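Since the structure comes first, as structure tokens, the remarks are kept for the end.
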Amino acid sequence: MEDCLAKKMEITVSEAEKRTGRNAMNIQETYTAYLIETRAVESQTEGQCAPVESLWRRYSEFELLRNYLSVTYPHIVVPPLPEKRADFVWHKLSADNMDPDFVERRRIGLENFLLRVASHPVLCQDKIFYAFLMQEGGWKEMVNETGFHLKADSRLKALNATFRVKNPDKRFTELKHYSDELQSVISHLLRVRARVADRLYGVYKVHGNYGRVFSEWSAIEKEMGDGLQSAGHHMDVYAASIDDILEEEEHYADQLKEYLFYAEALRAVCRKHELMQYDLEMAAQDLTSKKQQCEELATGTVRTFSLKGMTSKLFGQETPEQREAKIKVLEEQIQEGEEQLKSKNLEGRDFVKSAWADIERFKEQKNHDLKEALISYAVMQISMCKKGIQVWTNAKECFSKM
């Protein structure tokens, strides 16, 4: 962690800007660009600051970077991007991806994504990631030249491996199940929070009616008028405070959403392991089949039924020379298959070792982050309740002075 990029460079997504341009289909579109600013830490001297490097990136470029990292480092739980469109929103919040409040939250989320990658012991050293931060022109071409698209596994292939692998690793099976449950429980938590926010908004705004009623009442009272007017003012302030409160709540909701999306990153690691295990089992099965064919040719006995074996019986046996030639080819294939199986076994062991080390790192990060977010959320709720008590305490004093 001492050598990670986050220790050597300050990284911020400092600004978001709405733009209009033409896409690859030459169709005009409106999009948001984000200003990434970086500053080297090591080059700073006393009294002097290193120059700030800056460039603009679209959300789609962040997506391209993450796709590249996911394919290139399949054993790593790659940090997720913030949502492209708002989910789990309470009804007063806009779900429009061009809404200024949403764009601002996404700006914070994109900065967090870059800091997560820059803090990762492996991902921070990637040249494509560094170029993403420093090189505006030609970066997309650089990514595509890596050929990472060719290494990406198809969803159909992954699904096939999931159902056909015979000896799945119990740890990865349990991790996959855990990621499903984590996603489910956080989704439920966010839905509950949105419902509570809706009701809370209504309760606070209804307090504004107290303010209106007390104000109208004060107009017909001489002795009690000032007290009622003051109490009404406190109620108006209380009703208006809910907007800032729920805006702050969104910050904690976004922290939970990050781990909602992390669940898919966990599943991606599990799917890759299933694919590797499936390829290993297929290679072992193919090798066993070739060894059996070689033995049958050498001994002249057929252990299992095959169309080819029946054809030989019906139309005559092969000559010794033909059999020897086939045996030689099979022996070469067997040798090649054994080397391939050995290589796949080694690759699988390395993957499991690297993946599990990163999963343990992720678990530690997750426990720390979620604990901190939930405590901060509880503190915010306590503060909100205290403000409510203070409002009614002030109202009580107003009534006492009447």
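The values are calculated or read from the model by the stated rules, or taken from the named source; none is laboratory data. Just so we're clear, the structure is a prediction, and the values are computed from it rather than from any experiment. Note that we place each Cβ from the backbone using ideal geometry, even for glycine, and neighbour counts take in every protein chain shown. Surface areas here come from the heavy atoms of the whole protein model, side chains and all, with no ligands, DNA or RNA. Shrake-Rupley method; radii C 1.70, N 1.55, O 1.52, S 1.80 Å.
Here is a check on your reading of the model: is E281 under 18 Å from E331 (Cβ atoms), charged (D, E, K, R), surrounded by fewer than 18 Cβ atoms within 10 Å (Cβ to Cβ) and touching a Lys or Arg at 6+ places or on another chain (Cβ under 8 Å)?
no
Taking E296, is it at pLDDT below 90 and closer than 30 Å to V329 by Cβ?
Criteria met by E296.
Taking M235 and the conditions (1) touching a residue at least 40 places away in the same chain (Cβ under 8 Å); (2) out of contact with any Gly (no Cβ under 7 Å at 6 or more places or on another chain), which numbered condition does it fall short on, given that it satisfies the others?
Evaluating M235 over (1) touching a residue at least 40 places away in the same chain (Cβ under 8 Å); (2) out of contact with any Gly (no Cβ under 7 Å at 6 or more places or on another chain) leaves (2) as the failure.
Within the set of pairs 6 or more residues apart or between chains, which connect a residue that is of a type in the set (A, V, I, L, M) inside region 162-190 to a residue that is not in a helix (DSSP H, G or I) with Cβ atoms less than 7 Å apart?
L190/F88
Within region 99-130, how many residues turn out to be among the acidic types (D, E), at pLDDT 85 or above and in a helix (DSSP H, G or I)? Give the steps one after another, and end with the answer.
From region 99-130, those among the acidic types (D, E) are 99, 101, 104, 111, 126; that's our starting set.
Right, trim to at pLDDT 85 or above and you get 104, 111, 126.
With the extra rule that they be in a helix (DSSP H, G or I), the set shrinks to 104, 111.
Here the count works out to 2.
Which count do you get for residues in region 131-152 that are in a loop (DSSP other than H, G, I, E, B) and either farther than 19 Å from T72 by Cβ or open to solvent by less than 60 Å² (accessible area, probe 1.4 Å) (or both)?
If we filter region 131-152 for residues that are in a loop (DSSP other than H, G, I, E, B), which is where we start, we get 135-138, 146-147, 152.
Filter once more, so that each one left must be either farther than 19 Å from T72 by Cβ or open to solvent by less than 60 Å² (accessible area, probe 1.4 Å) (or both): 136-138, 146-147, 152.
Qualifying residue count for the region: 6.
Scan region 192-225 residue by residue and report those that are open to solvent by 30 Å² or more (accessible area, probe 1.4 Å) and among the basic types (K, R).
Selection gives R195, R199, K205, R212, K222.
With respect to the numbered conditions (1) part of a helix (DSSP H, G or I); (2) over 17 Å from F399 (Cβ atoms), which one is the sole condition not fulfilled by N167?
Here N167 clears every test but (1).
Condition check ((1) modelled with pLDDT under 90; (2) touching a helix residue (DSSP H, G or I) at 6+ places or on another chain (Cβ under 8 Å); (3) surrounded by 12 or more Cβ atoms within 10 Å (Cβ to Cβ); (4) not β-branched (V, I, T)) across all residues:
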site: T38; (1), (2), (3), (4): no, yes, yes, no
site: V52; (1), (2), (3), (4): yes, no, yes, no
site: L65; (1), (2), (3), (4): no, yes, yes, yes
site: Y73; (1), (2), (3), (4): no, yes, yes, yes
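Failed condition for D96, given (1) open to solvent by 50 Å² or more (accessible area, probe 1.4 Å); (2) modelled with pLDDT of 95 or more; (3) in contact with a helix residue (DSSP H, G or I) (Cβ under 8 Å, 6 or more places away or on another chain); (4) not small (G, A, S), with all others met?
Failed condition: (2).
Only residues in region 38-65 that are closer than 26 Å to F148 by Cα and of a type in the set (A, V, I, L, M) count as the first member; pair them with residues that are open to solvent by 60 Å² or more (accessible area, probe 1.4 Å) and at pLDDT 90 or above, Cβ under 7 angstrom, at least 6 apart or cross-chain, and list the lot.
Qualifying pairs under 7 Å: L64/K140.
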